[in-house]
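Below is one structure, written out as structure tokens; the observations come after it.
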Ligand code: 13P
């Protein structure tokens, strides 16, 4: 099979994922990362508990009104719910498209700065992607990570290598019918200001699309998942939501082709409330060539995990629905801050892995 065999389907899937008023629920934490989340509520990291927690999220009544797709970790894609039905079927019944994390994690990048990484998982990717397609996945995610902790930002090597990996991945999974979510995350670690973030992010995202061009990626069948253009976590200068919105849109307008149907931001350590408010401000400014929405992990799950606390399904579902609805409203510029239950606890963790 080639991209040509899937062209129409890829475009249709990408457009469905980018439906206005809907966004993506990222539940693709690797097993060790899921263990950290469960440990925070004193729940053991067993397959049964992961199944119970994620099954609770996916069966939240009406979730599909706000959520177009869910990114899964490999275990969940083939897993059944406690009632015996497949997790992917639970999602499909809500009109939620199942997706899959296909990268195999960050590795040290020899020859680059000490903390810099590349994202692994290209070997055999097309074969794995075809298997995931057979199991019901229709889109994929690959997360490359760059940092601004060095004064000059990421090295040229790290920018090039990560852009190239994202483009090779995108092309490979498109050949198996999966829409690639292209995620060049820029960590919040550091004390740089928002201008620095904007400069680095523009350089990174432009490099990603140059690599996509060389690899003949079908841009209409992709989504971009960037961080918002925010100052470093240790920056002393506070910025308003309106400033974040203005900078983020400017960065995206300078670097993302108009043929990309949707930009789905990651929350990257922002609090639940900030992630909604910033997205809302962007959509209030409006008038962008792409749909601007969300693909949040922490900012959709933080309160839900605490509400569930190992067994309380109703509380867990109440919170995930509240955040999903809030972010759905934010993706239309209609969110009234504080109108839905949320936490404003900062979820930033230095050197975050997923
Ligand atoms: P956060 O929203 O928690 O940053 O996670 C999204 C994600 O998928 C990171 O790869």
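Would you say residue 290 is at pLDDT 95 or above and out of contact with any strand residue (DSSP E or B) (no Cβ under 9 Å at 6 or more places or on another chain)?
no
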Which condition number in (1) away from the ligand (no atom under 16 Å from the Cβ); (2) in a loop (DSSP other than H, G, I, E, B); (3) touching a residue at least 60 places away in the same chain (Cβ under 8 Å) is the one that residue 56 fails? (2)
Every residue from segment 226-244 that is touching a residue at least 24 places away in the same chain (Cβ under 8 Å) and either more than 18 Å from the chain's Cα centre (by Cα) or more than 22 Å from residue 146 (Cα to Cα) (or both): 231, 232, 233, 234, 235, 236, 237, 239, 241, 242, 243, 244
Suppose we filter segment 275-297 for residues that are near the ligand (Cβ under 10 Å from one of its atoms), surrounded by fewer than 24 Cβ atoms within 10 Å (Cβ to Cβ) and not in a loop (DSSP other than H, G, I, E, B); how many remain? 0
From the list 259, 198, which one is more than 19 Å from residue 24 (Cβ to Cβ), away from the ligand (no atom under 15 Å from the Cβ) and assigned to a helix (DSSP H, G or I)? 198
In this structure, does residue 75 turn out to be away from the ligand (no atom under 14 Å from the Cβ), in a helix (DSSP H, G or I), within 19 Å of the chain's Cα centre (by Cα) and surrounded by fewer than 20 Cβ atoms within 10 Å (Cβ to Cβ)? yes
Among the listed residues 272, 315, which satisfies the condition of being away from the ligand (no atom under 12 Å from the Cβ) and modelled with pLDDT of 95 or more? 315
Can you pull out the residues in segment 101-121 that are touching a strand residue (DSSP E or B) at 6+ places or on another chain (Cβ under 8 Å) and either at positive phi or outside any loop (DSSP other than H, G, I, E, B) (or both)? 101, 105, 106, 107, 108, 117, 118, 119, 121
The lone exception for residue 184 - which of (1) in a loop (DSSP other than H, G, I, E, B); (2) within 15 Å of the ligand (Cβ to nearest atom) it fails: (1)
Checking the condition closer than 23 Å to residue 321 by Cα, away from the ligand (no atom under 14 Å from the Cβ) and either in contact with a helix residue (DSSP H, G or I) (Cβ under 7 Å, 6 or more places away or on another chain) or assigned to a loop (DSSP other than H, G, I, E, B) (or both), which residue from 25, 38, 10 passes? 38
Within segment 332-341, is there a residue that is in a helix (DSSP H, G or I), surrounded by 16 or more Cβ atoms within 10 Å (Cβ to Cβ) and at pLDDT 95 or above? no
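Kindly indicate the residue of segment 13-22 that is in a helix (DSSP H, G or I) and in contact with a helix residue (DSSP H, G or I) (Cβ under 9 Å, 6 or more places away or on another chain) and also farthest from the ligand (Cβ to nearest atom) among those meeting that condition.
Looking at the filtered set, the residue picked out is 15.
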Could you identify the single residue in 172, 155, 227, 198 that is closer than 18 Å to residue 113 by Cα and either crowded, with 24+ Cβ neighbours inside 10 Å or modelled with pLDDT of 95 or more (or both)? 155
Which residue, of 163, 176, is more than 16 Å from the ligand (Cβ to nearest atom) and part of a helix (DSSP H, G or I)? 163
Out of segment 122-152, which residues are surrounded by fewer than 18 Cβ atoms within 10 Å (Cβ to Cβ) and either in contact with a strand residue (DSSP E or B) (Cβ under 9 Å, 6 or more places away or on another chain) or within 19 Å of residue 266 (Cβ to Cβ) (or both)? 135
If you check residue 303 against the conditions, is it assigned to a helix (DSSP H, G or I) and farther than 14 Å from residue 267 by Cβ? no
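The values are calculated or read from the model by the stated rules, or taken from the named source; none is laboratory data. What you see is a predicted model, and the numbers here were worked out from it, not measured in a lab. All Cβ positions, glycine included, derive from the backbone under ideal geometry; neighbour counts span all protein chains shown.
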